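Participant: Supplied in structure tokens, the structure appears directly below.
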Amino acid sequence: MPLPLPDYLTAADLETPEKFYFNGVFKYAHSSVLSDGYSFGEIGLLTGSVRTAAAICLVNSYVLYCDKRSFVKILKEVEIKKIEKKIELIKNCIGNELPYHTLCSIALGF
């Protein structure tokens, strides 16, 4: 049975990755392996709660730190782009006769 990750890892722990394996198998419980472009830590960032997971890189990686204010700004921009795409779809289907705020309301509904 896999072990839970330790609550605290030292720099020395991270410099010796073989400590995380037993006979070539990762010995700690894990839920997923992330690929390029994926993110983690959103729950704690948005709710202010303590961490719910740990991340260990299996290969050399670049990691971007983002504070809450920047993350919310990025998230807002992404959501606005999604809504704008939905509005364009609605316009293509039913025309451009409806006011913009009505189109936004419809777009938020699906």
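Participant: Given Asn60, Asn96, Asn92, which one is in the same structural domain as Glu15 (by TED's automatic domain parsing) and over 14 Å from the mean Cα position of the chain (by Cα)?
Facilitator: Values: Asn96 fails: in the same structural domain as Glu15 (by TED's automatic domain parsing); Asn92 fails: in the same structural domain as Glu15 (by TED's automatic domain parsing).
Checking each option against the conditions leaves just Asn60.
Participant: Now for a separate question. Quick check on this structure: which one of Ile43, Ile87, Ile80 is among the β-branched types (Val, Ile, Thr), surrounded by 12 or more Cβ atoms within 10 Å (Cβ to Cβ) and not assigned by TED's automatic domain parsing to the domain that holds Thr16?
Facilitator: Every option except Ile87 fails the conditions.
Participant: Ok, one more. Might you let me know whether the range 46-66 holds any residue that is at pLDDT below 70, assigned to a strand (DSSP E or B) and either surrounded by fewer than 12 Cβ atoms within 10 Å (Cβ to Cβ) or basic (Lys, Arg) (or both)?
Facilitator: As a first pass, look at the range 46-66 and keep what is at pLDDT below 70: 51-53.
Narrowing further to those that are assigned to a strand (DSSP E or B): none.
So far as the range 46-66 goes, no, none of its residues is at pLDDT below 70, assigned to a strand (DSSP E or B) and either surrounded by fewer than 12 Cβ atoms within 10 Å (Cβ to Cβ) or basic (Lys, Arg) (or both).
Participant: Assess whether Lys68 counts as being in contact with a helix residue (DSSP H, G or I) (Cβ under 7 Å, 6 or more places away or on another chain) and closer than 22 Å to Phe40 by Cβ. Quick ask: steps written out before the conclusion?
Facilitator: Values: in contact with a helix residue (DSSP H, G or I) (Cβ under 7 Å, 6 or more places away or on another chain): yes; closer than 22 Å to Phe40 by Cβ: yes.
Taking the combined requirement at face value, the residue satisfies it.
The values are calculated or read from the model by the stated rules, or taken from the named source; none is laboratory data. If you're wondering where the values come from, they're calculated on a predicted model, not measured in any experiment. Quick reminder, even Gly has a Cβ in these numbers, built from the backbone with ideal geometry, and neighbours come from all protein chains shown.
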